[in-house]
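Everything below concerns the one structure shown next.
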Amino acid sequence: MKKNILKLTFIVLSLGLLLMGCTGNSNNDLNYIARTDFLMDTVMTIRIYDNQKEKTLDKVFQRLQEIEDRMSSHIATSDVSKVNDNAGIGPVTVHEDTYEVIERVKYYAELSKGKYDPTIGTLVDLWDVKAEEKERDFIPTTEEIEQAKSMVGYEDLELLGDNQVYLKRKGMKIVLGSIVKGYAADEAKRVLVENKVEKAIIDLGGNLYIHGDKGDGTQWRIGIQDPFNPTGSYAGILEVSNISVVTSGDYERFFIHKGKKYNHIIDPHTGYPTDNELTGISIISDESIDGDALSTTVFVMGLDEGMKFVNSLENIEAIFITKDKSIYTTENLKGIFNLPKDSPFTIKDY
């Protein structure tokens, strides 16, 4: 039986904490200091509720900037860009942080049998799904997709020790966008702990880490995004503390072509954006790096395979939202995840 990593509480707490993007204090929230910046192609906000020091926020955001500089495929001098530039040529020595993250993506690629694949860069570049683009009058041709797909294969991503990484075939590209925010959230928590912060909210654009409880032993109430309504709308409420919650779905970045939605989550096996019954997935885990990778993996798998996969893992829970507005959760979330009154969603047993 899976271990339950969540504490069950049913105390009514303040709602909407993590649905707010502004910096500053609110009459509905505890006092805090906060900072917001745009990094890793998303808005990132850190709120500190105790031991409030601006220097601590400085340290957190310096660390987040370091991670982006090393792991972004859009920065020419990054470790990831150097690995891609030397694909089929020779190994590249990367920073130990980058090596650690690439080890984790390789692990999940092997565990999922390629449903999650960090070498999907050629397909990501080909589809180039942007948040600001909602309509498109073209999609890649079958030939273009097959050509890009031929450059995908985690088996040809070699980790050679001593922080050396090698892509065996010229033209291959790794991308870490599906895991780097999770790693960044874990690192932000580490910096906060080192600076004696016991209560904070780390919000890295869909990757949330709830560090500590509210101070009186009660838990935070977290709104899980409603995939059918604007950002800030919630499908249900999750009561948690000291845990990571990562949410992903087909509503984040997508475009419409001839009446069909194409989202940013690419299926490595088909070469096309994932198209199944799911519209949203939330992963609850001890470490955000796991939640980030698994939110992509499970979304690609779909409900049946994804539920079986999650249930095979220790200390991982999930919330599945389908296109017919049904919600399925892992067993340990029953009583912790609840719908608001008059909800259009229905929680169903799996």
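The values are calculated or read from the model by the stated rules, or taken from the named source; none is laboratory data. Treat the numbers as computed from the prediction; the structure is a model and nothing was measured. Quick reminder, even Gly has a Cβ in these numbers, built from the backbone with ideal geometry, and neighbours come from all protein chains shown.
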Determine whether the range 73-86 contains at least one residue that is under 23 Å from the mean Cα position of the chain (by Cα), assigned to a helix (DSSP H, G or I) and surrounded by fewer than 16 Cβ atoms within 10 Å (Cβ to Cβ).
no
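Under the condition of being among the hydrophobic types (A, V, I, L, M, F, W, C) and more than 30 Å from Trp220 (Cα to Cα), which residue from the range 235-268 is surrounded by the fewest Cβ atoms within 10 Å (Cβ to Cβ)?
To start, the set of residues in the range 235-268 that are among the hydrophobic types (A, V, I, L, M, F, W, C) comprises 235, 237-238, 240, 243, 245-246, 254-256, 265-266.
Cutting the leftovers down to more than 30 Å from Trp220 (Cα to Cα) gives us 254-256, 266.
Working: Phe254: 19, Phe255: 22, Ile256: 12, Ile266: 27.
Only one residue fits best here, namely Ile256.
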Within the range 128-146, can one find any residue that is within 27 Å of Val298 (Cβ to Cβ), part of a loop (DSSP other than H, G, I, E, B) and among the β-branched types (Val, Ile, Thr)?
yes
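Can you name the residue in the range 239-269 that is basic (Lys, Arg) and over 29 Å from Leu339 (Cβ atoms) and, of all such residues, is farthest from the chain's Cα centre (by Cα)?
Result: Lys258.
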Every residue in the range 307-345 that is buried (at least 23 other Cβ atoms within 10 Å of the Cβ) and among the small types (Gly, Ala, Ser), please.
Ala318
Selection status of Thr93, at pLDDT 95 or above and in contact with a helix residue (DSSP H, G or I) (Cβ under 7 Å, 6 or more places away or on another chain)
no
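Is it true that some residue in the range 55-72 is at pLDDT 55 or above, of a type in the set (Lys, Arg) and under 23 Å from Asp162 (Cβ atoms)?
Checked against the condition, which is being at pLDDT 55 or above, of a type in the set (Lys, Arg) and under 23 Å from Asp162 (Cβ atoms), the range 55-72 yields at least one hit.
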So which residues in the range 130-157 are surrounded by fewer than 18 Cβ atoms within 10 Å (Cβ to Cβ) and within 24 Å of the chain's Cα centre (by Cα), if there are any at all?
Lys130, Ala131, Glu132, Glu133, Lys134, Glu155
Given (1) surrounded by 20 or more Cβ atoms within 10 Å (Cβ to Cβ); (2) assigned to a helix (DSSP H, G or I); (3) touching a strand residue (DSSP E or B) at 6+ places or on another chain (Cβ under 8 Å); (4) hydrophobic (A, V, I, L, M, F, W, C), where does Val101 come up short, assuming only one miss?
(3)
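Being surrounded by fewer than 20 Cβ atoms within 10 Å (Cβ to Cβ) and of a type in the set (Ser, Thr, Tyr) is the filter here; which residues of the range 87-98 pass it?
In the first step, residues of the range 87-98 are kept if they are surrounded by fewer than 20 Cβ atoms within 10 Å (Cβ to Cβ); the result is 88-91, 93, 95-97.
Listed by number, the list holds a single entry, Thr93.
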Being over 12 Å from Tyr328 (Cβ atoms) and acidic (Asp, Glu) is the filter here; which residues of the range 279-315 pass it?
Asp286, Glu287, Asp290, Asp292, Glu305, Glu314
Spot the failing condition for Tyr262; the list is (1) in contact with a Phe, Trp or Tyr (Cβ under 6 Å, 6 or more places away or on another chain); (2) more than 29 Å from Asp41 (Cβ to Cβ); (3) of a type outside the set (Gly, Ala, Ser), and only one is missed.
(2)
Of the conditions (1) surrounded by 16 or more Cβ atoms within 10 Å (Cβ to Cβ); (2) outside any loop (DSSP other than H, G, I, E, B), the single one that Glu110 does not satisfy is (1)
